Amino acid sequence: LWPSTRTAAVSVAGQPSDPVVGDFDIEVGPRIAAHTAARLSPAGGDVVRVVGEGFGGLQSDVAEVRVGDSVAPSFTVLSAFALRFVLPPGVGANHAVVVRMAGGNLTNPVTLAYDPPEILRVLPAYALAGAHNASFLLCGDNLGSTDAHVDWVSLGGFAAWSVRFENASCLRVSAPQLPAAWPDPASASLSVGGQRSLRAQGLFEGVALP
């Protein structure tokens with residue numbers, strides 16, 4: 001903390017000057033205290049509010065807002081203590097939100113996590129153990145936007161699936177041959193960007209061989 005934020009003085013050869021008040025001031029460095037948003041969709045587009053201090057107060061005082069490696073497509077400076085930005089697309093957790101000021105100063109990073117994936121349905125909803133060339137449509141929320149976003153899919157406890165991104169709501173999963181016995185016949189789960197869905201029950205049934 002500065003002992004006296006608006007004073008300036010100098011000493012020459014042991015002779016101090018009188019302090020001058022008002023010609024020197026301290027600019028508070030930019031700092032993020034918290035961010036808030038109703039949801040953080042991997043598709044992006046949600047508005048996130050950031051509160052802290054040192055944001056200048058003018059739109060021109062802030063150069064950009066970054067979320068991990070991505071730049072927010074737009075932002076609005078509300079005051080020296082708050083701004084809001086539009087969330088870029090992404091997946092996963094532990095993304096650092098950083099505000100870069102026009103002068104080059106950076107805020108402290110605060111972490112942000114996109115909403116985790118959720119399975120809502122599997123079509124068809126059952127499969128016979130040992131079947132060949134099996135293919136399923138797995139649909140839900142927050143599934144990412146490319147094949148690379150999907151870490152793994154498990155149906156009936158079987159996880160050796162090929163995954164193809166169909167659209168923002170559905171994945172196509174396939175396997176040349178299903179297991180002879182289902183490790184966990186009634187389960188369905190997946191991981192996107194390192195975030196695992198809840199283990200869904202009742203959406204898929206692995207049928208045992210007769």
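The values are calculated or read from the model by the stated rules, or taken from the named source; none is laboratory data. These numbers come from a predicted model, not from an experiment. Counting neighbours? That spans all protein chains shown, and the Cβs are built from the backbone with ideal geometry, glycine included. For accessibility, only protein heavy atoms count, side chains too; no ligands or nucleic acids. Shrake-Rupley method; radii C 1.70, N 1.55, O 1.52, S 1.80 Å.
What to note about this one:
- Among the numbered conditions (1) open to solvent by 20 Å² or more (accessible area, probe 1.4 Å); (2) aliphatic (A, V, I, L, M); (3) touching a residue at least 40 places away in the same chain (Cβ under 8 Å); (4) touching a helix residue (DSSP H, G or I) at 6+ places or on another chain (Cβ under 9 Å), the only one that Met101 does not meet is (1).
- Residue, least open to solvent (accessible area, probe 1.4 Å), within the range 108-167, restricted to residues that are charged (D, E, K, R) and at pLDDT 95 or above: Asp115
- Among the residues of the range 174-207, those identified as open to solvent by less than 40 Å² (accessible area, probe 1.4 Å) and touching a residue at least 60 places away in the same chain (Cβ under 8 Å) are Ala188, Ser189, Leu190, Ser191, Val192, Gly193, Gln195, Ser197, Ala200, Phe204, Gly206.
- Residue among Phe75, Phe55 that is among the aromatic types (Phe, Trp, Tyr), farther than 30 Å from Gly144 by Cα, under 23 Å from the mean Cα position of the chain (by Cα) and modelled with pLDDT of 95 or more: Phe55
- Some residue of the range 135-145 being touching a Gly at 6+ places or on another chain (Cβ under 6 Å) and among the hydrophobic types (A, V, I, L, M, F, W, C): no
- Residue in the range 152-167 that is of a type in the set (Ser, Thr, Tyr) and part of a loop (DSSP other than H, G, I, E, B) present: no
- Any hit, the range 187-201, residues being assigned to a loop (DSSP other than H, G, I, E, B), over 23 Å from His95 (Cβ atoms) and in contact with a strand residue (DSSP E or B) (Cβ under 8 Å, 6 or more places away or on another chain): yes
- Residues that are among the polar types (S, T, N, Q) and either outside any loop (DSSP other than H, G, I, E, B) or exposed (fewer than 14 other Cβ atoms within 10 Å of the Cβ) (or both) within the range 27-50 comprise just one, Thr36.
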